[in-house]
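One structure is given below, encoded as structure tokens.
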2 protein chains.
Amino acid sequence: MSFQLTILGCHSATPRVNAHPTSQVLQIKNHHFLIDCGEGTQVQMRKYKVGFAKIKHIFISHLHGDHFFGLIGLISSFGLLNRESDLHIYGPKGLKEIIELQLQVSQTRVAYKLVFHELVSTKSELIFEDKKVRVSTIPLKHRVYTNGFLFQEKESLRKLNIKTVEKYPEIEVCDYHNLKKGKDFILKDGTVLKNEVLTLDPPKPLSYAYCSDTSYNPAIIKIIKNTDLLYHEATFLEDRLELAHITGHSTALQAGKIAKAAGVKLLILGHYSNRYKDIKAFQKEAQQEFQNTLLCVEGNTFEIS
Amino acid sequence: MSFQLTILGCHSATPRVNAHPTSQVLQIKNHHFLIDCGEGTQVQMRKYKVGFAKIKHIFISHLHGDHFFGLIGLISSFGLLNRESDLHIYGPKGLKEIIELQLQVSQTRVAYKLVFHELVSTKSELIFEDKKVRVSTIPLKHRVYTNGFLFQEKESLRKLNIKTVEKYPEIEVCDYHNLKKGKDFILKDGTVLKNEVLTLDPPKPLSYAYCSDTSYNPAIIKIIKNTDLLYHEATFLEDRLELAHITGHSTALQAGKIAKAAGVKLLILGHYSNRYKDIKAFQKEAQQEFQNTLLCVEGNTFEIS
């Protein structure tokens with residue numbers, strides 16, 4: 001199994017020519033999930049060849065402008081481009097009212113169905129699930145109600161160890177599904193063939209945890225435990241620890257601490273304050289706690305397999 | 001006298017990497033007026049070095065996204081950048097509610113004063129005036145309530161013909177203001193010195209008419225008569241006259257007809273549909289009616305003097 005994360009923007013606050021606000025596309029199983037949607041996201045999608053029609057689910061972490069001001073434009077453009085398929089939007093209560101008011105005032109009627117899933121819980125909850133993927137919230141600590149999102153592949157069926165299976169003529173094709181689901185097979189003479197003899201482990205399901213924006217918050221560690229990829233905001237360096245605390249943000253070092261405590265495989269950082277000219281310092285600082293740290297850069301794709 | 005118009009974006013509908021939606025900055029007298037504010041305008045302002053602090057008045061023609069989706073982001077950024085001076089926004093009723101809802105939901109309190117001037121009249125009205133400039137609406141015909149804007153320099157005081165004035169010792173410095181205002185001077189012996197002998201004509205006041213979006217609408221001709229510069233939308237060419245009519249837009253030829261009938265000095269076109277790959281065709285078509293036609297191109301500045 002594998003997934004791909006493309007960074008459309010990874011800076012905080014005011015957009016600049018080469019510093020776009022937060023937005024990412026996660027390609028996992030047959031989904032293309034858009035995560036946050038700062039101003040200009042639709043242009044970034046065009047720039048990095050993200051097909052508009054593939055986006056069916058958009059996850060908005062919180063209602064600060066650098067995470068959602070691009071949403072109304074994207075929704076409108078979908079309409080102008082004659083989109084037909086439903087669009088699901090997951091985000092804090094209030095988002096629906098903002099979008100609907102703007103559509104109403106501009107007398108825009110989009111032909112597709114907009115389905116809002118408004119979030120209010122302060123506990124982690126399952127917000128999307130199909131046969132292959134599960135998405136849950138990660139309650140974060142910020143100045144306004146904020147959720148991160150945990151994207152998890154589901155365990156897939158076990159794989160037949162076909163060479164062994166074929167040694168037993170009693171096992172027929174119609175039994176395969178039960179074997180894949182992990183059941184043992186009982187021969188007519190009563191012999192039990194243990195499932196692990198007949199099947200192989202499936203590929204390990206992967207997971208991605210998106211955490212932006214948040215103060216240093218160890219409460220999330222149990223939710224993001226052992227994820228393969230963790231995006232954790234790092235708006236500041238330790239030189240502005242106090243400012244991070246006041247504004248509900250994290251330092252790169254704190255992001256490293258969370259990654260270490262959660263035992264993730266890879267940490268990626270973003271949401272850099274425009275104060276810092278050289279973002280390499282973020283990586284260096286986080287690596288004091290967690291070596292396997294990389295930096296989000298606009299246009300980068302992380303492939304996890 | 002002179003004014004400068006800088007084009008930040010001049011395309012219609014969905015923003016693209018090199019086709020930004022409508023926004024312009026008019027530098028006239030001591031003002032920098034922002035006219036319309038499509039998504040991404042604040043980044044375009046940075047790109048073309050438009051000082052954020054200089055913008056004190058924003059004029060929004062109508063509430064279609066490609067003309068105002070960038071406004072909330074600009075307002076937020078002004079707040080993040082610690083703006084203190086008042087910001088006046090002129091636009092259709094509904095705009096205030098949209099902006100205030102978003103500020104409220106995101107718990108954003110901007111430290112400066114936001115002053116909304118909501119427009120509802122379907123007749124041309126004066127919406128801004130100071131000693132040197134006057135701004136009036138140009139009611140347009142579009143799918144939603146839309147105004148263009150007419151920016152007019154005011155006639156300045158007459159200039160002293162100092163060589164002539166000095167021939168009359170009876171005229172003292174304290175009389176100069178009356179002369180500049182056009183009054184005659186009466187000598188003690190009763191001789192009337194006509195003002196035109198003592199003063200020279202002031203520079204001719206200039207004017208700019210901004211007309212977007214609109215169907216072909218000859219009713220505006222009397223309002224924009226003899227303006228020095230006319231921006232008129234040209235979303236389509238004559239090959240899509242019917243579509244222009246249905247969508248409440250104009251063709252380049254129609255823009256040329258308006259310019260000709262209004263006797264303007266220079267016509268500039270914009271709001272091109274993304275359907276057309278080569279915008280030169282817009283100029284060519286408008287020139288069938290009005291020779292002095294130029295095309296808006298992102299980043300261009302028109303200087304009128």
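A short reminder: the numbers here are calculations on the coordinates, not readings from a lab. Bear in mind that the values here come from a model prediction, so they are computed numbers and not experimental data. Methodologically, a virtual Cβ is constructed for each residue, glycine included, from the backbone with ideal geometry; neighbour enumeration extends over all protein chains shown.
Summary table below
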quantity	calculated
For the stretch B:19-93: rounded, prolate or oblate by the Cα gyration tensor [a/c cutoff 1.5]	rounded
Relative contact order for the stretch A:159-200, counting Cα pairs under 8 Å that sit 6 or more residues apart, in percent	49
Inter-chain Cβ neighbour average for residues A:93-104, partner chain, 10 Å	3
Ranking of A:CYS174, A:CYS211 by count of other Cβ atoms within 10 Å, fewest first	A:CYS174, A:CYS211
Calculated [θ] (222 nm, deg cm²/dmol) that DSSP helices of n ≥ 4 give over the protein assembly as shown, each run adding -39,500 (n - 2.57)	-6000 deg cm²/dmol
Cα long-axis angle, helix A:95-105 against chain A (0 to 90 degrees, to the nearest 10)	60
Cα long-axis angle, helix B:252-262 against chain B (0 to 90 degrees, to the nearest 10)	20
C-alpha long axis of helix B:71-80 to longest principal axis of chain B, angle in °	70
Convex hull volume per residue for the stretch A:169-290, taking Cα atoms only, in Å³	139
Sequence of A:SER305, A:SER207 once ranked by neighbouring C-beta atoms within 10 Å, starting from the fewest	A:SER305, A:SER207
Teacher prompt: A:PRO203 distances to equivalent labels in other copies, 7 Å Cα→Cβ, nm	7.0
Ranked B:HIS177, B:HIS245, A:HIS57, criterion: other C-beta atoms within 10 Å, fewest first	B:HIS177, B:HIS245, A:HIS57
Integer Hz, Karplus 6.51/-1.76/1.60 couplings in order for the stretch A:220-236, x for Gly and Pro	7, 4, 5, 6, 9, 3, 6, 5, 6, 9, 10, 9, 10, 4, 9, 6, 10
Cα-based reach from A:LYS225 at 15 Å (exclusive), listing aspartates and glutamates while leaving out same-chain residues under 8 positions away	A:GLU153
Nm distances between copies for A:PRO169, ranked from closest, using label points 7 Å along Cα→Cβ	14.0
Within straight-line cross-link reach of B:LYS188, lysines at Cα separation under 17 Å, skipping those fewer than 8 residues along the same chain	B:LYS167
Computed over the stretch A:107-243: relative contact order in percent, which uses C-alpha pairs under 8 Å that are six or more apart	23
Rotational relation A to B, axis-closest Cβ in chain A, residue and distance rounded to whole Å	A:GLY40, 3
Choice from B:ILE60, B:ILE268, B:ILE75 with maximal GNM fluctuation in chain B (Cα, 10 Å cutoff)	B:ILE75
Long pairs among A:LYS93/A:LYS181; A:LYS96/A:LYS131; A:LYS96/A:LYS257; A:LYS183/A:LYS260; B:LYS222/B:LYS280, criterion Cα-Cα beyond 32 Å	A:LYS93/A:LYS181; A:LYS96/A:LYS257; A:LYS183/A:LYS260
Binned Cα-Cα distance frequencies in the stretch B:1-136 - 5 Å width, integer %	2, 10, 20, 23, 22, 15, 6, 1, 0, 0
Position B:LYS183, label points 7 Å along Cα→Cβ, spacing to each other copy in nm (shortest first, one decimal)	10.9
Against the rule of thumb 2.2 N^0.38 Å, how large the Cα Rg of the protein assembly as shown comes out	1.25
Distribution of pairwise C-alpha distances over the stretch A:159-200, 5 Å bins, in %	6, 26, 42, 23, 3, 0
In Hz, Karplus ³J(HN,Hα) per residue of the stretch B:289-301 (6.51, -1.76, 1.60; θ = phi - 60°; x = Gly, Pro)	9, 9, 4, 7, 10, 10, 9, 6, 9, 3, x, 5, 10
Calculated FRET efficiency for the pair A:GLU129/B:GLU100, C-beta based, R₀ 41 Å, to 0.05	0.65
Cβ neighbours within 10 Å from other chains - mean over A:63-71	5
Whole-Å distance, taken between Cα centres, linking the stretch B:35-98 and the stretch B:215-263	26
Kirkwood estimate for chain B, i.e. one over the average of 1/r between Cα atoms, Å	20.8
Set of lysines near A:LYS49 by C-alpha distance (under 19 Å), chain-local residues within fewer than 8 positions excluded	A:LYS29
Kirkwood-Stokes translational diffusion coefficient of the stretch A:73-212, alpha-carbon pairs, 37 °C, 0.692 mPa s, µm²/s	170
